[in-house]
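The values are calculated or read from the model by the stated rules, or taken from the named source; none is laboratory data. None of these values were measured; they are calculated from a predicted model. In this analysis, Cβ positions are derived from the backbone assuming ideal geometry, glycine residues included, and neighbour counts consider all displayed protein chains. Ligands, DNA and RNA are excluded from the accessible area calculation, which covers all protein heavy atoms including side chains. Shrake-Rupley method; radii C 1.70, N 1.55, O 1.52, S 1.80 Å.
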Amino acid sequence: MPELEAVGVVKRFGGLVANDHVDLSVERGEIHGVMGENGAGKTTLMSILFGLQTSDAGEIRIRGVPVRFRSPLDAMAAGMGMVHQSFKLFAALKVWENIVYGAEPRRGPFINERLAWASVAKLAERHRLAVDPDAVVGELSVGVRQRVEILKALYRDARILILDEPTAVLTPPERDALFSVLRSLAAEGRSVVLVTHKLHEVMAATDRVTVLRDGRTVARLRTTDATPRDIIQAVTGRNVSLRVDKAPSPPGEPLLRVTDLFVAGASGKSAVDRVSFSVRSGEIVGVAGVAGNGQCELVAALSGLCAPDAGRVEVCGASVTDKDVAARRAAGLAYIPEDRASVGTALAASAADNLAMGFHRAPPLARGPFIDPAAFAERARELIRRFAIRIPSERVNVGTLSGGNLQKIVVTRELSHEAPVLIAEQPTRGLDMGATESIHRQLLAARGKGQAVLLISAELSEILALSDRVLVMFEGRVLAELLEGEADEETVGLLMAGRPREAA
Ligand SMILES: Nc1ncnc2c1ncn2[C@@H]1O[C@H](COP(=O)(O)OP(=O)(O)O)[C@@H](O)[C@H]1O
Ligand SMILES: [Mg+2]
């Protein structure tokens with residue numbers, strides 16, 4: 001009998017059906033992957049399983065018995081635990097206090113602190129989840145905080161553990177450590193539901209996988225019987241090529257040159273600490289790193305969104321260090337920002353206006369001081385066709401578009417001008433596999449045309465697939481610069497965690 005089942009679960013948000021008769025069946029002692037593209041309905045289903053939301057129809061069963069959770073407290077009482085996408089711990093409290101919170105051992109009216117502390121220490125040791133019970137949670141890295149969340153569930157003796165995209169915030173070594181903990185939890189008879197949209201994680205960590213697409217269960221597979229192609233087919237509903245074919249391209253002149261760039265951080269620590277590198281024509285240089293190690297500040301200083309405190313930025317041989325965004329564009333810099341909604345687009349404007357933004361002051365879009373609306377519209381229609389953006393017309397207000405289409409508009413605009421230097425910041429974040437593949441092809445095409453591409457991405461597989469060279473950022477510094485052949489997942493992963501190459 002399955003440990004946990006969802007049968008015909010339906011959840012609507014207004015007119016949108018987020019879960020459309022979803023079925024899920026999780027056995028005792030297995031790691032069960034739940035896979036699907038963004039918006040497929042994974043988080044909605046997990047929220048229903050954990051009592052955070054109520055379904056409109058369908059049934060949840062635990063060991064065959066139908067249950068109705070009115071809140072997560074009910075779910076926890078039934079033996080479920082959840083590690084949330086954004087952690088729900090008290091930053092000011094210690095690790096042990098967080099773990100026992102709400103389930104403290106008591107001695108009369110008092111909390112038995114000594115017993116609580118000792119049980120936490122013992123639990124951490126038993127599950128090889130290295131944490132210091134006395135550390136203050138607010139001072140811990142996200143990887144350690146996640147271990148605290150897991151311990152919190154285990155302290156309540158959760159038999160079923162749900163993790164929603166737990167690896168998004170982890171370095172590769174942290175991810176591997178997490179998987180080995182999950183494996184041993186499954187070996188002692190617990191059930192793990194692992195939500196992810198990453199294929200290699202499903203292949204590496206799960207026993208079976210349920211694939212959701214557009215709110216429906218479209219495949220239920222035993223992982224060892226499934227090929228990566230089967231899973232991708234189920235996830236996307238079509239054939240998507242897995243590999244990016246990267247032709248050799250001899251790099252030319254440096255088009256972007258950064259020298260001793262320094263950006264002071266908010267907290268007195270330096271956000272970007274004397275960073276130097278260059279990107280040559282026909283080259284993609286990837287910047288790898290765990291989010292928050294200075295990548296945002298680096299990009300802001302390169303794009304002109306903020307002024308560097310020291311150092312020099314040159315585009316096509318000319319210094320743009322003191323120039324604003326518009327002057328940097330004029331010098332040959334294009335920029336795909338991470339924040340598409342507020343930096344990348346004007347949500348109240350049309351697709352045509354958005355596709356022209358930043359380039360509207362020059363011919364053919366302007367005639368003298370005047371813009372040319374007909375030229376805007378014509379060019380927009382051509383780009384929408386050429387880059388296969390699925391929108392009804394160039395007149396739609398971009399505020400109404402999905403994240404994927406919004407991103408396609410920004411990428412299309414920035415690529416369409418064939419600027420010598422392109423900065424692409426998290427260009428595929430939040431996109432499905434099809435859109436990701438198309439953007440990867442476009443970045444490679446830009447490289448083929450001799451553009452210099454700086455790719456900043458938290459997705460290590462993306463960096464490794466596309467880059468000719470890889471820079472690894474840690475605490476504001478570039479810890480290493482690796483050539484394509486030297487940059488493998490293990491080496492880069494250790495560097496992302498701050499371990500220099502000699503120690504690795
Ligand atoms: N609280 C909500 N209100 C309205 N729509 C929602 C809400 N939560 C999720 N959705 C929508 O439901 C769909 C499924 O979302 P979600 O379950 O978060 O997908 P996933 O976790 O697979 O990315 C998406 O289209 C999303 O926009
Ligand atoms: Mg989700």
The one condition in (1) within 17 Å of the chain's Cα centre (by Cα); (2) not in a helix (DSSP H, G or I) that ALA465 fails to fulfil: (2)
Search result, residues across the stretch 1-36 that are within 10 Å of ligand 1 (Cβ to nearest atom), touching a residue at least 60 places away in the same chain (Cβ under 8 Å) and not in a strand (DSSP E or B): GLY36
Matching residues in the stretch 165-184 - criterion: being open to solvent by 30 Å² or more (accessible area, probe 1.4 Å) and aliphatic (A, V, I, L, M): ALA168, VAL169, ALA177
Among (1) assigned to a helix (DSSP H, G or I); (2) at pLDDT 95 or above; (3) within 16 Å of ligand 2 (Cβ to nearest atom) - the single one LEU163 does not satisfy: (1)
Those helices (runs of 4 or more DSSP H) lying entirely in the stretch 170-242 with at least 1 residues within 16 Å of ligand 1 (Cβ to nearest atom): 199-205, 228-236
The stretch 45-72, subset among the aliphatic types (A, V, I, L, M) and under 26 Å from the mean Cα position of the chain (by Cα), residue farthest from ligand 1 (Cβ to nearest atom): LEU49
Residue in the stretch 296-309 that is in contact with a Gly (Cβ under 9 Å, 6 or more places away or on another chain), polar (S, T, N, Q) and touching a residue at least 24 places away in the same chain (Cβ under 8 Å) present: no
Evaluation of ALA300 against (1) within 25 Å of LEU443 (Cβ to Cβ); (2) part of a loop (DSSP other than H, G, I, E, B) (one fails), failing number: (2)
Considering residues of the stretch 336-359 that are in a loop (DSSP other than H, G, I, E, B) and at pLDDT below 75 only, the residue most open to solvent (accessible area, probe 1.4 Å): ASP339
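Residues are listed down the side, and each one gets a yes or a no for (1) under 19 Å from ALA158 (Cα atoms); (2) crowded, with 24+ Cβ neighbours inside 10 Å; (3) not polar (S, T, N, Q):
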residue: PRO2; (1), (2), (3): yes, no, yes
residue: GLY15; (1), (2), (3): no, no, yes
residue: ASN19; (1), (2), (3): no, yes, no
residue: SER25; (1), (2), (3): yes, no, no
residue: ILE31; (1), (2), (3): yes, yes, yes
residue: MET35; (1), (2), (3): no, yes, yes
residue: LEU52; (1), (2), (3): yes, no, yes
residue: SER55; (1), (2), (3): no, no, no
Residue within the stretch 431-454 that is touching a residue at least 60 places away in the same chain (Cβ under 8 Å) and polar (S, T, N, Q) present: yes
